[in-house]
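The structure appears below as structure tokens.
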Amino acid sequence: MSAAEDGKRERRAVFEARKLEKRLVRLTGQAVADYAMIEPGDRVMVCLSGGKDSYAMLDILRTLRARAPISFDIVAVNLDQKQPGFPEHVLPDYLRSIGVPFHIETQDTYSIVRRLIPEGKTTCSLCSRLRRGVLYRVAKELGATKIALGHHRDDILGTFFLNLFYGGRIKSMPPKLMSDDGQHIVIRPLTYIPEDDLARFALDKRFPIIPCNLCGSQENLKRKEVKKMIAEWEKRNPGRTENVFRALARVTPSHLLDREWFDFAGLRATGVPDPEGDTAFDDLPLPEPEALVLAQDEESEASPSAPVRARAEPLRIVPLSVRNPQPRE
């Protein structure tokens with residue numbers, strides 16, 4: 001390959017990297033604004049694990065802080081759980097190099113997990129709970145008003161399907177929530193960002209990634225299955241993943257079954273048409289009768305041997321009987 005081609009290729013890579021960064025910053029800023037994640041004067045504790053997602057979150061939040069019309073502070077926090085082989089110098093060296101204030105909290109939760117969880121079993125759940133408790137305490141000690149976690153769009157979708165399939169609940173990871181003890185606000189600035197984009201961004205930025213399997217635990221198998229399912233869906237039907245994700249922000253309690261979120265017992269006919277009522281869900285993109293006839297005529301001309309079909313009758317809307325409704329096909 002010639003020097004000219006190498007130069008062109010390098011310029012293209014730089015262009016794509018900048019375009020990706022702009023998109024990630026825009027989507028993160030949109031999520032922060034949509035859910036009022038960060039307010040003037042906030043001290044945001046960015047939880048940094050050493051993985052691609054938390055590195056990206058810190059980098060993007062620093063960019064937003066430089067551009068935002070409001071002032072807020074950032075402090076990076078890492079929990080050293082004393083996993084064997086954990087490179088203790090990597091995160092402090094990186095954070096010093098970019099000038100970000102940080103705190104390394106050392107707690108041997110690894111030994112606790114190993115003592116309580118049988119060999120070969122997934123340790124992620126207990127490890128996560130222990131880590132969360134430590135981080136809440138550290139946030140209070142540091143005076144942090146927000147705790148930022150690096151969960152992305154695919155994490156949120158995966159949790160939704162895990163709860164749906166195995167927990168029998170419609171529940172996921174919210175972009176913003178209050179901790180169980182009511183003391184902290186947790187935010188997820190990467191809510192709108194797909195994992196693949198974060199992986200590309202991490203490569204472009206050359207973050208010093210620390211492997212997440214130092215503890216030797218296997219990734220939750222159910223979460224792995226769900227992740228594979230979502231990837232296959234997206235491969236066969238591009239856009240389906242985004243549609244499901246958007247649905248999480250377009251919930252209609254009156255058309256579900258949860259009596260705590262909608263007063264079905266108190267529902268009465270008012271005699272007043274409701275523009276947001278049941279008819280709002282029947283706007284199927286049906287073709288006009290003339291279009292149906294034209295399509296059939298074209299098909300007959302294209303295939304003279306095809307059987308003759310009756311011309312389409314105009315579409316009619318027949319009201320269903322209240323006493324004996326007919327199911328839709």
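Read-outs: derived from the displayed coordinates by stated rules, not from any lab. The structure presented is a predicted model; accordingly, all values stated were derived computationally and were not measured. Cβ coordinates were reconstructed from backbone atoms using ideal geometry, including for glycine residues, and neighbour counts include every protein chain displayed.
Quick notes on this structure:
- Distance from the Cα centroid of the stretch 66-122 to that of the stretch 222-274 is 36 Å (rounded to whole angstrom).
- Take 149-158, 110-119 and order them by the average number of nearby Cβ atoms within 10 Å per residue, most first; the result is 149-158, 110-119.
- For ASP258, ASP73, ASP197, order by how many other beta-carbon atoms lie within 10 Å, fewest first: ASP258, ASP73, ASP197
- Contact order, relative form, for the stretch 37-253: 24 percent (alpha carbon pairs under 8 Å, 6 or more residues apart, mean separation divided by residue count).
- The HN-Hα couplings worked out from phi for the stretch 134-149 by the Karplus form 6.51 cos²θ - 1.76 cosθ + 1.60 (θ = phi - 60°) are 5, 5, 4, 5, 5, 4, 5, 5, 8, x, 6, 9, 9, 10, 9, 10 Hz, whole numbers, x standing for Gly and Pro.
- Along the stretch 264-272 the Karplus relation, 6.51 cos²θ - 1.76 cosθ + 1.60 evaluated at θ = phi - 60°, assigns HN-Hα couplings of 5, 5, x, 6, 9, 5, 9, x, 10 Hz to successive residues, with x for each Gly and Pro.
- Cα gyration tensor shape of the stretch 7-106, rounded if a/c is under 1.5, else prolate or oblate by comparing a/b with b/c: oblate
- Residues whose amide H falls under 5 Å from that of VAL46, counting only those 5 or more places apart or on a different chain, are VAL75, ALA76, VAL77, ALA148, with hydrogens built in the peptide plane.
- Shown in residue order for the stretch 50-59 are the 3J(HN,Hα) couplings computed by the Karplus curve 6.51 cos²θ - 1.76 cosθ + 1.60 at θ = phi - 60°: x, x, 4, 5, 6, 4, 4, 4, 4, 4 Hz (x for Gly and Pro).
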